[in-house]
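Chemist: For reference, the structure I am asking about is given below.
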Amino acid sequence: MKYFNTNIFVALLIFFLSPFVFASLSISAEKDEALKFIENLGNKAILMLSNENYTEDQKISEFEKLLDQGFEVQLIARYALGKYWRKTPKIKRQEYVAAFRKFIVDSYASRLGQFGGEKFYTNNVREDGKRGFIVNSLIETPSGTKVKVDWRVKKINNALRIYDVVIEGISMVITQRDEFSSIIQRSGGNIDPLIKKLQNF
Amino acid sequence: MKNSLIKFTITFLILLALCKVNTSYAQEQTPDPFEKINRAVFIFNESIDSAFLKPIATLYSTVPEPGRNALRNIFRNLESPIILTNNILQADIYNAQTTTLRFLINTIFGLGGIFDTASKLGIERNDTNFGETLEKYGFGPGFYIVLPILGPSTFRDAIGIGVDQIIDPLNITTKNLQNNWLQPTKTSIRGVDFRERNLNTIDNLKETSLDYYATLRSLYLQRRKNIANNENYDIPSLDLDDDDDLNEDGTCCVYVETSTDE
């Protein structure tokens, strides 16, 4: 044991442990980043919605900006198609994703005016599978109702992106997927009627 | 009388046994084998909604909120015996106490249930039903069903609704009356109240749905699962069976081709 110099021992200890330390440090830094990301995006959205100087059109274009900044629309579209994604040829997929994005924008556009005066709080973040995090938040409506909203985020091309929103335990992606697969099933497994419905929405 | 009771018990047990057989479904998705019939009932319900329920609810929304809350509180208070019975059947002593305490406080100090004094004192309402009791006993949902007027449910929960009616003291005490109007009135008022509170939500949902039936089924079944987990829901897994399709950086197929904003 006397050969075993304490300094060497400590150095070795640090050497072997450092990956774990750095890994856990970087995870907590990433967690922080995810929390900040949602906080930032939520505050931007609330500021936008309560801004009375915006016209309807301006609100819609601001909404689209936030959508592209924060959400991985293509990934959401892909998840929403579920098992049918794989069966769809590449060209069709692109057509579908474009229709899906338009559908999201249009379905929210008409409702943007209904919001305003909400308060947004993020309160927790935890790891969720590979590269993923779940950020818990609370939205308080002007009438005082508190709604639990959880955000599934993931690092994609080095930038954090939302790919599912879970409101009071109800996942938007799952709801959309159930709806889409019902439409496809009723069309005999053909995806075209769904794309048409999305385009004509 | 005795004969019909025996018949009922036997039917009930057979139906329950069916649910039990289907328990394996519970982990997966609740199936909808009678979708055709369900969709027909759904269309019927929708027409009832647009012809009666929604207009009445819209009219009702002009009643000042304190008035609406009072009516809601009265009928909620009247449901306490059903909730208490199910609390006991579920061996949920804590909530059985809460329900009893709430009923006493709201009936006496809340002037017959007009005011929800108990909630103001921090004794929150817990809501349960026989469908949940059956679930606690290990019965699966069976299958998805759309009930006439009452709307989305599962086979198990539909049985639960029936049993809750039977154990409702309000039903038992008014059974001998010539015109039993109390029960239908209660159901109608609860229905109008629910519709009024969700006027905007339901309109939005309808407008933004491509297949309203499928959306509502998905929402109902997700919500039902959360109730079963006592609201301490896990964020649902997306169960991607084809996650291997994703690239190493988490992007997927189309993304790589069209992405220019790096």
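The values are calculated or read from the model by the stated rules, or taken from the named source; none is laboratory data. In this text the structure is predicted, and so the values were computed from the model without any measurement. Because the Cβ atoms are built from the backbone with ideal geometry, glycine has one as well, and the counts that use them run over all protein chains shown. Heavy atoms of the whole protein, side chains included, go into the accessibility calculation; ligands, DNA and RNA do not. Shrake-Rupley method; radii C 1.70, N 1.55, O 1.52, S 1.80 Å.
Chemist: Enumerate the whole-percent occupancy of each 10 Å bin, from 0 to the last occupied one, for all C-alpha pair distances of chain A.
Modeler: 8, 27, 29, 19, 8, 5, 3, 1, 0
Chemist: Convert each backbone phi in the stretch A:108-120 into a coupling constant with the Karplus relation 6.51 cos²θ - 1.76 cosθ + 1.60 (shift: θ = phi - 60°), then list the ³J(HN,Hα) values in order as whole Hz, x for Gly and Pro.
Modeler: Per residue, the Karplus-derived 3J(HN,Hα) values read 8, 3, 6, 9, 4, x, 6, 9, x, x, 6, 10, 10 Hz.
Chemist: Then there is this: Can you give the extra length, in nm with one decimal, that the chain gains between A:TYR108 and A:ILE91 once fully stretched, where that is 0.36 nm per residue apart less the Cα-Cα distance?
Modeler: Between A:TYR108 and A:ILE91, full extension yields 3.5 nm more.
Chemist: Tell me, what is the 1.4 Å probe accessible area of A:GLU127, in Å² to the nearest 10?
Modeler: In the full protein context, A:GLU127 sits at about 100 Å².
Chemist: For the residue pair A:LYS83 and B:LEU147, what label-to-label distance in nm results when each label sits 7 Å from Cα along the Cα-to-beta-carbon direction?
Modeler: According to this spin-label approximation, the distance is 3.1 nm.
Chemist: Only sites in a loop by DSSP and with at most 11 other Cβ atoms within 10 Å count here; which trypsin sites (Lys or Arg not before Pro) in the stretch A:38-107 make the cut?
Modeler: none
Chemist: Moving on to the next point. Show the residues, 5+ positions off or on another chain, whose built amide H is closer than 5 Å to the amide H of A:SER171.
Modeler: Here nothing satisfies the definition.
Chemist: Something else about it: Mind giving me the FRET efficiency for B:ASN226 and A:SER187? R0 is 35 Å, r the Cβ-Cβ distance, nearest 0.05 is fine.
Modeler: 0.70
Chemist: Could you go through the stretch B:107-113 in sequence order and give the Karplus-derived ³J(HN,Hα) for each residue, using 6.51 cos²θ - 1.76 cosθ + 1.60 with θ = phi - 60°, rounded to whole Hz, and x for Gly and Pro?
Modeler: Result, ordered by residue: 6, 7, 7, x, 6, x, x Hz.
Chemist: Something else now. Leaving ligands, DNA and RNA out of it, rank A:ASP57, B:ASP32 by accessible area with a 1.4 Å probe, largest first.
Modeler: Accessible-area ranking of A:ASP57, B:ASP32, largest first: A:ASP57, B:ASP32.
Chemist: I would also like to ask the following. I'd like the FRET efficiency for B:ILE108 and B:GLU46, computed as 1/(1 + (r/R0)^6) with the beta carbon distance as r and R0 of 51 Å, rounded to 0.05.
Modeler: It comes to 0.75.
Chemist: Quick one: how many Å² of B:VAL63 are accessible to a 1.4 Å probe, rounded to 10?
Modeler: Here the accessible area works out near 50 Å².
Chemist: Let me check something: with ligands and nucleic acids excluded, how do A:PHE20, B:PHE42 order by accessible area (1.4 Å probe), largest to smallest? All intermediate terms of the calculation are to be shown ahead of the outcome.
Modeler: Details: A:PHE20 140, B:PHE42 25 Å².
Ranked from most to least accessible, the order is A:PHE20, B:PHE42.
Chemist: What does the extension gain come out to for B:ILE166 and B:SER4, with contour length at 0.36 nm per residue minus their alpha carbon separation?
Modeler: Working: separation 162, 0.36 × 162 = 58.32 nm, distance 1.40 nm.
Result: 56.9 nm gained on full extension.
Chemist: Would you list A:GLU179, A:GLU95 from the most to the least accessible area, probe 1.4 Å?
Modeler: Highest to lowest solvent-accessible surface, that is A:GLU95, A:GLU179.
Chemist: Here is a follow-up. Suppose R0 equals 51 Å. What FRET efficiency, 1/(1 + (r/R0)^6) with r the Cβ-Cβ distance, do A:VAL165 and A:ASN5 give to the nearest 0.05?
Modeler: It comes out at approximately 0.35.
Chemist: Let me know the shape class of the stretch B:43-199, please: from the alpha-carbon gyration tensor, a ≥ b ≥ c as square roots of the eigenvalues, rounded when a/c is under 1.5, otherwise prolate if a/b is greater than b/c, or oblate.
Modeler: oblate
Chemist: Over 26 Å between Cα atoms: which of A:LYS119/B:LYS186; A:LYS59/B:LYS206; A:LYS130/A:LYS197; A:LYS119/B:LYS136 fall into that group?
Modeler: A:LYS119/B:LYS186; A:LYS130/A:LYS197; A:LYS119/B:LYS136
Chemist: Continuing with this model, one more query. In the full protein assembly as shown, how much of A:LEU13 is accessible to a 1.4 Å probe, in Å² to the nearest 10?
Modeler: So the heavy atoms of A:LEU13 present about 90 Å² to solvent.
Chemist: May I pose another question? Which of rounded, prolate or oblate describes the protein assembly as shown when judged by the alpha-carbon gyration tensor and an a/c cut-off of 1.5? Walk me through the intermediate numbers first.
Modeler: Values: a/c = 1.70, a/b = 1.48, b/c = 1.14.
Note, shape of the protein assembly as shown comes out prolate.
Chemist: Tilt of helix A:56-70 relative to the longest C-alpha principal axis of chain A, in degrees (0 to 90, nearest 10)?
Modeler: 30 degrees
Chemist: Moving on to the next point. Tell me, what HN-Hα J-couplings in whole Hz come from the Karplus equation 6.51 cos²θ - 1.76 cosθ + 1.60 at θ = phi - 60° for each residue of the stretch B:141-154, using x for Gly and Pro?
Modeler: For the stretch B:141-154, the Karplus-derived couplings read x, x, 8, 6, 9, 9, 7, x, 6, 6, x, x, 7, 10 Hz, x marking Gly and Pro.
Chemist: Another question about this same structure. Gain in length, A:ILE14 to A:LYS197, computed as 0.36 nm per residue apart minus the alpha-carbon separation, to one decimal in nm?
Modeler: Values: separation 183, 0.36 × 183 = 65.88 nm, distance 5.98 nm.
Length gained between A:ILE14 and A:LYS197: 59.9 nm.
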